[in-house]
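In what follows, a structure is listed as C-alpha cells, so that the remarks can point back to it.
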Amino acid sequence: MRENDMTVMTTWDLFDDLLACAPEVPELQTDECQVWWTSLAHCADWHTELLDQTERLRRRQYLRAADRDRFTMGAALTRLVLAAHLGIHPASVPLDRTCARCGAPHGRPCLRADAPLDFSISHSGDLIALAVTRNEAGARRAVGVDVEQISAAIAGEAPVDIALSPAEVVEFGQLSITARPMAFFRYWVRKEAVLKATGDGLRVPMTELTLSGPDQPPRLIAWQGRPGFSGSVTIHDLEFKPGYAAALAIIGRDAVVSCHDAAVLVGMPRLSHG
Amino acid sequence: VSQLAAIVSDILGIPLNEVNDDVRPATVGSWTSLRHVQLMAAVEETYGIKLAARELRSARSVGKLREVLQNKGIEI
C-alpha cells in the first residue's frame with residue numbers, strides 16, 4: 001500500500017506540468033485521425049509512474065530491459081495522448097487490457113465501449129506509433145495501426161504463404177528479388193492494420209484478405225468470408241523513417257490523417273527526476 | 001539441444017540457453033505477430049508438416065508449440 005500511495009503522490013505532483021504540456025497535443029477534429037510516433041530512446045523513468053498495476057505487472061514479465069522499455073514507452077505514449085484528448089491525468093486513463101477470449105490482461109488495450117475515442121498502438125525496433133480518432137455519435141470509427149522494421153531475411157521465406165492470399169502470392173512471385181522485402185512488409189502492415197481495426201488479430205488467417213498491389217494505393221479488394229466489407233475500410237500508408245513500413249486502417253467514415261512527432265510530449269526533460 | 005529451441009532462438013533473437021517452455025509474447029518482446037508467423041513457417045519447413053489455422057493460433061508459447069508438435073507425433 002505504501003508504495004502505491006507514494007506512486008500516486010509522485011504522479012499527481014507531475015499533474016500541473018503534464019497539463020502544461022497538453023498544448024503539445026492539438027485538439028482532435030471530428031474527421032481527423034492523429035498518428036503519434038516516437039522512439040524507444042525517449043523512454044525515461046517517469047514514464048513508468050504513469051502505468052497502472054496491470055501494466056506494471058506486464059512490464060515485469062519481460063525478461064529483457066529493451067522489451068520492458070518498449071512496452072513502457074507504448075503505454076506512456078498512449079496515456080499521454082489520450083489524457084490530453086479526454087482532459088484527465090495520464091495515469092487515470094481507464095485502459096482495459098482484458099483478453100476477450102481468456103480474460104487474462106494481455107489483450108489489445110482499449111477504452112470503455114462508450115468512450116468517445118478509438119485508438120491503436122504498435123511498436124517494432126525502436127519505433128512506437130499510436131493512432132487515435134473520434135468514435136462517437138455521427139463519427140463511429142475503429143482504427144488499427146501497424147509498424148514493422150523491414151528485414152530482408154523474412155520476406156524471402158515461407159511466411160509469404162501464411163500471410164498472402166493466392167492472388168497476392170502470384171503477384172508477389174512476379175516481383176524482382178530486391179523488391180520483395182519492401183513489398184512483403186507493405187502487404188503485412190496493411191493487413192495487420194486492418195485486422196487490428198476489426199479486432200480479429202491473428203484469429204483470422206491473413207490469406208483470406210486480398211489487397212491491392214504493394215505499389216498501388218492501399219485498398220482492400222476482397223475478404224473471403226466477409227463479402228461487402230471492403231467498402232467500409234480505408235487503408236493509409238504511413239512513413240516515419242527509413243527502414244520501417246507502417247500502415248493505418250480506418251473502419252467507418254474515413255478521416256484526414258495527421259502525423260505528429262511525440263518527442264516533446266514524451267521527452268519533457270523538465271519532468272525527469274534525478 | 002533440440003531443433004525447435006534452435007529455431008526459436010534464431011527467429012526471436014534470444015540466446016539458446018534462454019529458450020524454455022515459458023518463452024511467450026508476454027515474456028519476450030520480439031515474439032510479435034510477424035515473428036509468430038515466421039516461427040510457424042520455420043517449424044513447418046523443418047518438420048515437414050502443415051499446421052492448421054487453429055494450431056497456428058494456439059501455439060503461443062514454446063511449451064504450447066511443443067504440445068502441438070507432439071500431437072502430430074513429433075517428439076522434441
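See the values below:
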item	result
Number of partner chain Cβ atoms within 10 Å, mean per residue of B:34-43	5
Derived scalar couplings ³J(HN,Hα) [the range A:42-50; Karplus, 6.51 cos²θ - 1.76 cosθ + 1.60; whole Hz; x for Gly, Pro]	7, 4, 9, 4, 5, 4, 4, 5, 7
Longest exposed-site-free window of chain A, the sites being trypsin sites (Lys or Arg not before Pro) in a DSSP loop that have at most 15 other C-beta atoms within 10 Å	A:141-218
Cut-off under 5 Å, modelled amide H: who pairs with A:HIS260 long-range	A:VAL35, A:TRP36, A:TRP37
Rounded tilt (10° steps) of B:33-47 against the dominant C-alpha axis of chain B	50
Given 10 as the ceiling on other Cβ atoms within 10 Å, longest exposed-site-free region of chain A for GluC sites (Glu not before Pro) in DSSP loops	A:28-238
Neighbour-limited loop hits for GluC sites (Glu not before Pro), the range B:47-76 (at most 12 other Cβ within 10 Å; DSSP other than H, G, I, E, B)	B:GLU75
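Every number here is computed from the coordinates shown, using simple stated rules; none is lab data. Fair warning: this is a prediction, and the values are worked out from it, not measured in the lab. Ideal geometry is used to build each Cβ from the backbone, glycine not excepted, and the neighbour counts take in all protein chains shown.
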